[in-house]
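A short worksheet on the structure shown next.
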Amino acid sequence: MGNKILIIEDEVKVANFIKVGLEEFKYVCDIAEDGEIGKKKALSNKYNTIIMDLNLPLINGLDLCKLIRLENNNVPILILTALGTTEDKLAGFEIGADDYLVKPFEFRELLARIKSLIKRSALETSNGLITISNLELNTETKIVKRGSKRIELTAKEFMLLEFFMRNPDRIISRTEIAEKIWEVSFDTGTNVIDVYINFLRKKIDKDFTPKLLYTQIGMGYILKDSE
């Protein structure tokens, strides 16, 4: 049985487009055409990822995300919507969404996001430990280790590393980092993100192998366990 995906989308053509595309990659998909049906399916079945629109009939996406999070804090939720401002994205993250993709979108981008969410979910164990290669981050104790060596991070460095470890093997842009870690729209005139990336790289990579944090010139950064 493949990974199971719930698509909560009232635009039938969009929902079917996603379903057909994902089923080609061996995902099992259910569709809910409004928030009420989405709620029932989400709370009565086990899914590896939930994809939902914001503008839904009966229960809107933000309220639905809150309801699901009250019952299930682990299932990855990806918001798929035409509402693409920084404020819209922050509202989604605030109520528990894990990722946000703006319409219109490319299917391959959606597929990459889903793969990343499922991999991240599998990496995080019930005790809050996320592991990539020999790097460990504990979301409960806030302890980070590389091999047997404990690594001391500032609060912001920890947030940044946790974000990367929750999104392995995915290129993350400076804009996305700004929105999710600094909660601001990206100012192209500042290099604060690059500075923090360098701080983090020195602590988790400089004296260790394999190297994990890479720069993708012109695109952003990626955390992966092989070059």
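The table below gives the values:
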read-out	value
In degrees, nearest ten, helix 12-24 long axis to first principal axis of the chain (Cα)	60 degrees
Gaussian network model of the chain, Cα within-10 Å springs - most flexible of Glu11, Glu33, Glu176	Glu11
Of every Cα-Cα pair in region 125-223, the percent that sits beyond 22 Å	25 percent
Computed Rg/Rh of the chain, alpha carbon atoms with Kirkwood Rh	0.97
Filter on Lys46/Lys103; Lys103/Lys156; Lys40/Lys119; Lys66/Lys142 - keep pairs with C-alpha separation over 28 Å	Lys103/Lys156
Over region 4-122 - Rg/Rh using Cα atoms and the Kirkwood inverse-distance radius	0.91
Ellipticity estimate at 222 nm from DSSP helix runs (n ≥ 4, -39,500 (n - 2.57)) divided over the chain, nearest 500	-12000 deg cm²/dmol
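Rule-based calculations on the coordinates, nothing more; no lab input. What you are looking at is a predicted structure, and each value in this text was computed from that prediction instead of being measured.
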